[in-house]
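Trainee: One structure follows; several queries about it will come next.
The values are calculated or read from the model by the stated rules, or taken from the named source; none is laboratory data. Since the model is a prediction, treat every value here as computed from it, not as a measurement. Every residue, glycine among them, receives a Cβ derived from its backbone with ideal geometry; neighbour counts consider all protein chains shown.
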Amino acid sequence: MAGRRRGWFRSSRDNQWVEQARGVLTPAFLDMDRRQSIAEGAAHASAQMFPERGVMARWEPVRARCYEAAGAYMALNERLDQAERDGPRVPQPEIEAVVHRLADAARGVDEFYRGDQAHLEHAVAVYGSVPQLVAQVRGAAERALLAMADSAYAGYPSVRRAGAAVDEGLITLDAAASTGVGAAREAATRLETLTRALSRALEDAPGKQHSATTALSSASTRLAAARTRLERIGPAFSTLLREFNAASSADLANNERESRQAIDAAEADLTRARTALAKNDPEQALDLTTSARAHLAVAEERADAVTDRLTLLREVRADPQQKVKAVRFKLRDAQMLAVHRDLVAEWGSVLDAQSDRIDRATAGLTGRHPDYWAYVSELDAAAAFIAGVVDRMRNTET
């Protein structure tokens, strides 16, 4: 091959050597240029679709070598043109150097491309699919909006919100299409999600009327039950005051009023919900029913707190030792765990202090109306503290 190249550039009296030089240079340049174009397109596609891969940073030096080799080729071509007219002959080594430079740049392109070929080909495929994706998504969005316009449920808030989001998504897609393929794909993906949400809202709409009717009926039943609970608060609170220390129910003094207020708020919500349902607005009816349920939960909690307190204090009064025995049992378990894990030095005195705490709570049960609630509260606090110590000891490495 080397011998033939030298033959190409041996002079004859005419300019045949120029044509021979171009016959070697041009294919080398075109080969490099073709490879560069393919790799350039793939790198651009990756930058648009997957910028986090940082492909352009690796492509830049490869592209720079191609530009430099192309520049040398163009400069040599100008010299060949001049030599063909009247200029001096270009030395063969300079021509071979440019051919080598073009081949070297082409090899660099190949190395770059093969180094991440699977990703680059995937990027090109994704890049090429974006126009079709945009068209498909835009068409689906427009069809969904037409379906909304023809729907009897277009006035439902959930449908209106979803439709407005699709409208905004279409505007965003049109703006993104002029920004770049990557932005267009992202906007199309988001619009696709919004379109699905609109379709779901339209599909769910017919069942909202039945759901609202059922929910309203259930909440109305619960309201009646809450009123029954409210009626029990007064008698239960009076009993607490008669049978137990006043301090045992001081924190419950406002429960009847608060329960009544919550019931009134729930009733107002349910009245508005019935009106909304009658006006074919089941979504507002559902929202109001949910609000009513929250008020009823408050009313029930306030009522149960009074009746449950009465039940609890009577149980403790009947057998005060039952609760204290349960707490002491937990304390003994904790002390045994401390011994077993060799943690007496760290936790022994802490647990002993809880024993004193239990003794003080028991000693407080004096007088005609002992404060059983203070007794229960203190024992519960001791039990919670002991449980915390046990957790910490179990999590201590031995």
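Trainee: Please specify each residue of segment 79-108 satisfying the condition of being free of Cβ contacts under 8 Å to residues at least 40 places away in the same chain and outside any helix (DSSP H, G or I). Show your work before the answer.
Mentor: Step one: list which residues in segment 79-108 are free of Cβ contacts under 8 Å to residues at least 40 places away in the same chain, which gives 79, 81-82, 85-88, 91, 93-94, 97, 100-101, 104, 107.
Scanning segment 79-108 gives Asp86, Gly87, Pro88, Pro91.
Trainee: Please determine whether any residue of segment 63-72 is closer than 19 Å to Tyr127 by Cβ and at pLDDT 85 or above.
Mentor: Narrowing segment 63-72 to residues closer than 19 Å to Tyr127 by Cβ: 63.
If we keep only those that are at pLDDT 85 or above as well, we get 63.
Taking every residue of segment 63-72 in turn, at least one turns out to be closer than 19 Å to Tyr127 by Cβ and at pLDDT 85 or above.
Trainee: Please indicate, with yes or no, whether at least one residue in segment 328-338 is assigned to a helix (DSSP H, G or I), among the aromatic types (Phe, Trp, Tyr) and in contact (Cβ under 8 Å) with a residue 60 or more places away in the chain. Steps first, please.
Mentor: Restricting attention to segment 328-338, the residues satisfying the condition of being assigned to a helix (DSSP H, G or I) are 328-338.
Remaining after also requiring among the aromatic types (Phe, Trp, Tyr): 329.
Still in the running and in contact (Cβ under 8 Å) with a residue 60 or more places away in the chain: none.
Looking through segment 328-338, none of the residues is assigned to a helix (DSSP H, G or I), among the aromatic types (Phe, Trp, Tyr) and in contact (Cβ under 8 Å) with a residue 60 or more places away in the chain.
Trainee: Return the residues of segment 155-187 that are in contact (Cβ under 8 Å) with a residue 12 or more places away in the chain and of a type in the set (S, T, N, Q); say none if nothing qualifies.
Mentor: Ser158, Thr172
Trainee: Okay, next question. Among the residues of segment 291-306, is any small (Gly, Ala, Ser) and either more than 43 Å from the chain's Cα centre (by Cα) or not assigned by TED's automatic domain parsing to the domain that holds Ala224 (or both)?
Mentor: no
Trainee: Can you tell me which residues in segment 286-324 are within 25 Å of Arg274 (Cβ to Cβ) and among the hydroxyl-bearing types (Ser, Thr, Tyr)?
Mentor: Thr289, Thr290, Ser291
Trainee: Answer yes if at least one residue in segment 127-145 is of a type in the set (Val, Ile, Thr), in contact (Cβ under 8 Å) with a residue 12 or more places away in the chain and farther than 26 Å from Gly41 by Cβ, and no otherwise.
Mentor: The initial filter retains those residues of segment 127-145 that are of a type in the set (Val, Ile, Thr), namely 130, 134, 137.
Filter again for in contact (Cβ under 8 Å) with a residue 12 or more places away in the chain, leaving 130, 134, 137.
Going one step further and asking which of them are farther than 26 Å from Gly41 by Cβ, we end up with none.
Checked segment 127-145: no residue is of a type in the set (Val, Ile, Thr), in contact (Cβ under 8 Å) with a residue 12 or more places away in the chain and farther than 26 Å from Gly41 by Cβ.
Trainee: Out of (1) surrounded by fewer than 21 Cβ atoms within 10 Å (Cβ to Cβ); (2) in contact with a His (Cβ under 6 Å, 6 or more places away or on another chain), what's the single condition that is false for His340?
Mentor: For His340, the exception is condition (2).
Table: residues versus (1) aliphatic (A, V, I, L, M); (2) at pLDDT 95 or above; (3) loosely packed, with under 12 Cβ neighbours inside 10 Å.
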residue	(1), (2), (3)
Ala292	yes, yes, no
Thr307	no, yes, no
Thr362	no, no, no
Thr366	no, no, yes
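Trainee: Look at Leu241 and say whether it is crowded, with 17+ Cβ neighbours inside 10 Å and either of a type in the set (Gly, Ala, Ser) or assigned to a helix (DSSP H, G or I) (or both). Don't jump to the end; show me each part of the working.
Mentor: On the way: crowded, with 17+ Cβ neighbours inside 10 Å: no; either of a type in the set (Gly, Ala, Ser) or assigned to a helix (DSSP H, G or I) (or both): yes.
Taking the combined requirement at face value, the residue does not satisfy it.
Trainee: Could you figure out which of (1) within 30 Å of Ala253 (Cα to Cα); (2) surrounded by 20 or more Cβ atoms within 10 Å (Cβ to Cβ); (3) of a type in the set (Val, Ile, Thr) isn't true of Thr221?
Mentor: (2)
Trainee: What number of residues within segment 245-283 are in contact with a Pro (Cβ under 7 Å, 6 or more places away or on another chain) and either closer than 14 Å to Ala297 by Cβ or part of a helix (DSSP H, G or I) (or both)?
Mentor: Applying the first criterion (in contact with a Pro (Cβ under 7 Å, 6 or more places away or on another chain)) to segment 245-283 yields 245, 283.
After this cut, where a residue has to be either closer than 14 Å to Ala297 by Cβ or part of a helix (DSSP H, G or I) (or both) as well, the list is 283.
Residues meeting the conditions: 1.
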